[in-house]
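Structure, as structure tokens:
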Amino acid sequence: METTTIKFPCRCGHRFSLEPDLAGGVIQCPSCKRLNDIPTLSELSALLDDGTIDLRDEPQTVDRNREKILRRVFSPTRADLDGNDIDLRNTPEELAGLDAELAPLNSGKRPAMRVARPRYDPETGELIRPLDIERAGADEATPPQAIPVAKRALAYATGESARRVTAGSIFIELCRPMNMFVMFFVVLAHVYAYVAMMVTSIFFIMFLAWFAAPFALLAHYANVIDDIGPCDRDELPRPLRNVDFHDDLWGAMVAIASGLMIGFSPWIITIAVTFNMPDESPLHLILNALGLFVSLLFAPAIVLTTTTSGSIFNVRPDRVLSVINTLGFRYILLMVLGMVTFVVYGLGILGGNLPFLAYTFPSLKTLWFLNYTVSAALILLGVFLAHWYCWYTAMLYREYHTQFPWVNQRHVSTPRAAQRA
């Protein structure tokens, strides 16, 4: 096999003749003792007579027909400068060996129309191959079930993702660790309120700290209804949620507080009317019992309206009655759950205020629920029932809100945190 000898000069004039395997190395000149870089095979053509390498670019030849070819291929029109149609079809040499009938070229003109003429893509000029379609007879028709169809790539609402909380499963949902953790902080809020109330007797400034606890609790229960109802979530929100002043604190507290005040206004009116009547009077007991019953009857619908409808105009009596009529039998369950929650929670709160009540009304010391142990148990049960009541209220909204005769209604299907993100 013939090999190429590397021949190059030193700057002193001495000429080297080396083997190709020494390319890229270094050699000392025997005459001037300088070190010389042995050029590679690709650098031999650029070597000058003085032993240096010419790094200048080689002059490029200009193809004078290139512009004409590019203009013909990439022109936006279908005709050249002379007005002749541009034919981008493949040449017979390019189509040699293909199973296609070639159209004869006739002096640069397109062949006459005929059935067997091949067709070409107008953009790329590629040959378009016809597809053979076999049509089955009427007796050989393929049934639709036998036609292959691509399977779904996504599956919606299956398994855990399709789980929807119902009224009967709210108890189980509340027993989940995350929801129990939320209710634990609500209980701590009650403990904080009791401690602040005791310190208030010594330091009056602590009264403000005690006064803030009920408002924070009311805001939390309003957030529960809003998160599970309009926001369509299936778990309790964090205490005070995102601590937004309007949506999570003041606005939420006003929404549920106004519903409770309007709902219990009949009982408040009867208490004011019978304030000067003797406690043993039958009329006193009848009016108070009637006012409390009417309040417990309409309060759930009013609280549902004020916390989810977004407008105080929906508290109009005919709209509240329409909400009750829409809920039907489920409203009776909501009303019974609200009565039980009101009694248990109310007795627990009264028992927790034992020092204040005993100082103001000494005769109340004999009542069974005015005991810290009993009050603590009632508070625990009341917190659980209150969350159950709010969750069930939100579930009724989620199912029937499209049927309520409300104006200016809002419905948020995603959590507020996701909307702000």
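The values are calculated or read from the model by the stated rules, or taken from the named source; none is laboratory data. A quick note: this is a predicted structure, and the numbers were derived from the prediction, not measured. No Cβ is skipped: glycine too gets one built from the backbone with ideal geometry, and neighbour counts run over all protein chains shown.
Of everything in segment 268-280, what is in a helix (DSSP H, G or I) and either aliphatic (A, V, I, L, M) or touching a strand residue (DSSP E or B) at 6+ places or on another chain (Cβ under 6 Å) (or both)? Give them in sequence order.
Ile268, Ile269, Ile271, Ala272, Val273, listed by residue number.
Applying the selection to segment 281-333, what residues are of a type in the set (S, T, N, Q), within 36 Å of the chain's Cα centre (by Cα) and in a helix (DSSP H, G or I)?
Within segment 281-333, Thr305, Thr306, Thr307, Thr308, Asn314, Ser322, Asn325, Thr326 meet the criteria.
Any idea which of Val336, Val340 is touching a residue at least 24 places away in the same chain (Cβ under 8 Å), under 30 Å from Thr373 (Cβ atoms) and surrounded by fewer than 17 Cβ atoms within 10 Å (Cβ to Cβ)?
Result: Val340 is the single residue among Val336, Val340 that is touching a residue at least 24 places away in the same chain (Cβ under 8 Å), under 30 Å from Thr373 (Cβ atoms) and surrounded by fewer than 17 Cβ atoms within 10 Å (Cβ to Cβ).
Can you name the condition, by its number, that Ser258 falls short on among (1) modelled with pLDDT of 90 or more; (2) within 29 Å of Tyr372 (Cα to Cα); (3) surrounded by fewer than 19 Cβ atoms within 10 Å (Cβ to Cβ)?
Against the list (1) modelled with pLDDT of 90 or more; (2) within 29 Å of Tyr372 (Cα to Cα); (3) surrounded by fewer than 19 Cβ atoms within 10 Å (Cβ to Cβ), Ser258 comes up short only on (2).
Looking at Thr360 and the list (1) modelled with pLDDT of 90 or more; (2) over 39 Å from the mean Cα position of the chain (by Cα); (3) of a type in the set (S, T, N, Q), which single condition is not satisfied?
(1)
Considering each residue of segment 292-323, count those that are free of Cβ contacts under 8 Å to residues at least 24 places away in the same chain and aliphatic (A, V, I, L, M), and give that number.
Looking only at that region, the number is 2.
For every residue, the table says whether it meets (1) surrounded by fewer than 16 Cβ atoms within 10 Å (Cβ to Cβ); (2) modelled with pLDDT under 65.
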| residue | (1), (2) |
| --- | --- |
| Phe184 | yes, no |
| Tyr194 | no, no |
| Phe203 | yes, yes |
| Leu208 | yes, yes |
| Ala213 | no, no |
| Ala216 | no, no |
| Val224 | no, no |
| Asp227 | no, no |
